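For reference, the structure discussed in these notes is given below.
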Amino acid sequence: MHKRRVAILISGRGSNMAALIEAAKAKDFPAQIVLVASNIAGAGGLAIAAANGIETLTVESKPFGADREAFERAMHRELEARNIELICLAGFLRLLTPWFVTQWEGRMLNIHPALLPSYRGLHTHERALADGVKIHGATVHFVVTEVDSGPIVIQGAVAVRPGDTAQTLADRVLQVEHRIYPAALRLVASGHITSGRGAVAADTDDVFISPRLD
Ligand code: GRF
């Protein structure tokens, strides 16, 4: 089996990155994590990746200032040099230009802490709580030029509990993120892409009602 060569792009603690690295240790996993790259020097995830024997790289975005594309060209060169086939954005806090997105169209995934297309952008948990939604969650999707859009690969939902704060909700959503991102990468890397209508059924009950009906 050819394991697809994956780079994970991070800016911070890298807990989703760590989940991907763990999953990719399985013999039958169709992808290998060959590079973890950060745009922020000293990002927490870099040490975790290095401890797992994965090559790490920092291409700081700051020195490039407003010239996003110049930063991206530098990053792109590094990815090409390693024959990267797929990119997973995992807490990569940098808006990407159409140039970069086009280079990686159909080959770049992102995880977003909300059930898209609801709550694109920042502060998703605060906004979900403010709206009083009863079901919230996370989405893995292909990256397109429009932010937090693009074909959805997989979603995971949690019930919003009475008394939830943005933090408690974020913690539960994060647990879901750590399950769905490896699953999404498995689907995409193996060619079993299940984005799109009617392509997949939920893994348990197809209905999720919150609050629970007793
Ligand atoms: C996650 O909540 C992810 O959904 C969002 O940024 C956060 C990154 O967390 N895109 P981590 O660095 O993976 O721990």
Using beta carbons and a limit of 7 Å, which pairs, at least six apart or on different chains, have the first residue in segment 58-84 and open to solvent by 40 Å² or more (accessible area, probe 1.4 Å) and at pLDDT below 95 and the second one assigned to a loop (DSSP other than H, G, I, E, B) and of a type in the set (Gly, Ala, Ser)? none
Given the residues ARG77, ARG94, ARG127, which is the only one that is in a helix (DSSP H, G or I) and under 23 Å from ALA7 (Cα atoms)? ARG77
Suppose we filter LEU20, LEU35 for residues that are in contact with a helix residue (DSSP H, G or I) (Cβ under 7 Å, 6 or more places away or on another chain) and open to solvent by less than 10 Å² (accessible area, probe 1.4 Å); which single one remains? LEU20
Could you run through segment 92-112 and say how many residues are in contact with a helix residue (DSSP H, G or I) (Cβ under 8 Å, 6 or more places away or on another chain), open to solvent by less than 40 Å² (accessible area, probe 1.4 Å) and within 16 Å of the ligand (Cβ to nearest atom)? 5
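The values are calculated or read from the model by the stated rules, or taken from the named source; none is laboratory data. Note that the structure is predicted; figures quoted are calculated from it, not measured. Here Cβ is always computed from backbone atoms with ideal geometry, including for glycine, and neighbour counts include all displayed protein chains. Ligands, DNA and RNA are excluded from the accessible area calculation, which covers all protein heavy atoms including side chains. Shrake-Rupley method; radii C 1.70, N 1.55, O 1.52, S 1.80 Å.
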